[in-house]
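Just so it is clear, none of the values below were taken in a lab; they were calculated from the coordinates. Keep in mind the model is a prediction, meaning the values are calculated, not measured. All Cβ positions, even for glycine, are placed from backbone atoms using ideal geometry, and neighbour counts span all protein chains on display.
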């Protein structure tokens, strides 16, 4: 058969309200928060965080490997998954 709704990937949402109807809530940047809310928050104006990207709980993110070094299931992994440029 043929692919249905082939234009699905070309749909422009258009406005925030349509995303809200889909059940998606807005994402607030960590830099826009206060220091009590996020490690990247605070500072005068839109300053850089001065540290590597972290989650709101302080766990490194964006490329940082968080899997345990010596995990029992490591013996079952033959080769890693191929990734793109950023790693």
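Here are some notes:
- Descending principal axes extents, the chain, alpha-carbon based, whole Å: 51, 47, 24
- FRET efficiency for residue 55 and residue 2, using Cβ-Cβ distance with R0 set to 30 Å, rounded to 0.05: 0.10
- Between residue 78 and residue 27, full extension at 0.36 nm per residue minus the direct alpha carbon distance yields a gain of 14.6 nm.
- Multiplying the residue separation of residue 62 and residue 11 by 0.36 nm and removing their Cα-Cα distance gives an extension gain of 15.6 nm.
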